[in-house]
Amino acid sequence: MFVVLFRLLIIGAFFYLLYKGVYYLFSPKRKLDAAHEKKEFYMLDEKGNARKNFLLTYQGRLFEGEKYVGTTSESFEVISIHISIQKSHQLEGLSRMDFTRIEQEVQYVYPYAKIQWKSPVKEFIASRV
């Protein structure tokens with residue numbers, strides 16, 4: 001009897017570890033961390049959940065976007081997005097083209113949204129010459 005219970009426990013532990021392994025491999029947070037380390041672009045977002053902010057990584061910098069819902073002529077959509085950087089000292093080396101690319105990628109996902117940057121990026125973009 002003890003041997004049968006022990007075997008069931010081992011089989012259960014095996015399936016639990018298998019489930020956790022697959023969950024880890026397909027975890028969006030892990031994909032964000034991997035893209036952050038590789039200095040690639042990746043956007044972690046729950047498009048169906050307008051209350052939840054999104055995270056994006058670009059060239060090893062982590063940005064956070066706040067979504068605000070409003071009305072368009074046809075439906076309720078995300079109409080405003082405020083993007084800020086997690087650590088402002090990481091802005092060194094980014095150009096206006098980098099911020100334009102980030103805006104284009106976000107605009108592709110949220111076509112009705114007006115994108116606004118928070119400080120200090122807002123001042124940098126406003127000082128266009």
**Q.** Restricting region 84-129 to GluC sites (Glu not before Pro) in coil, as DSSP defines it, with at most 12 other Cβ within 10 Å
**A.** GLU92
Q | Sequence-distant residues sharing a close amide H with GLN116 (under 5 Å, placed H) | A | ILE81, HIS82, ILE83
Q | Relative contact order computed over the chain (Cα-Cα under 8 Å; 6+ residues apart), in percent | A | 14
**Q.** Tilt relative to the chain, helix 28-38 - C-alpha long axis, 0 to 90 degrees, to 10
**A.** 60
Q: Enumerate by residue number the GluC sites (Glu not before Pro) in region 36-82 meeting two conditions: DSSP loop (anything except H, G, I, E, B), and at most 14 other Cβ atoms within 10 Å of the site's Cβ.
A: GLU40, GLU46, GLU74
Q: Give me the accessible area per residue for the chain, probe 1.4 Å, as a whole number in Å².
A: 72
Q) Amide H to amide H under 5 Å from TYR42: which residues, 5+ apart in sequence or cross-chain, H placed 1.01 Å off N in plane? A) THR57
Q.
Report D for the chain in µm² per second (integer): Stokes-Einstein, Kirkwood Rh on Cα pairs, 25 °C, 0.890 mPa s.
A. 142
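The values are calculated or read from the model by the stated rules, or taken from the named source; none is laboratory data. Nothing here was measured: the structure is a model prediction, and the numbers come from that model. In this analysis, Cβ positions are derived from the backbone assuming ideal geometry, glycine residues included, and neighbour counts consider all displayed protein chains. These accessible areas exclude ligands, DNA and RNA; they are computed on the full protein's heavy atoms, side chains included. Shrake-Rupley method; radii C 1.70, N 1.55, O 1.52, S 1.80 Å.
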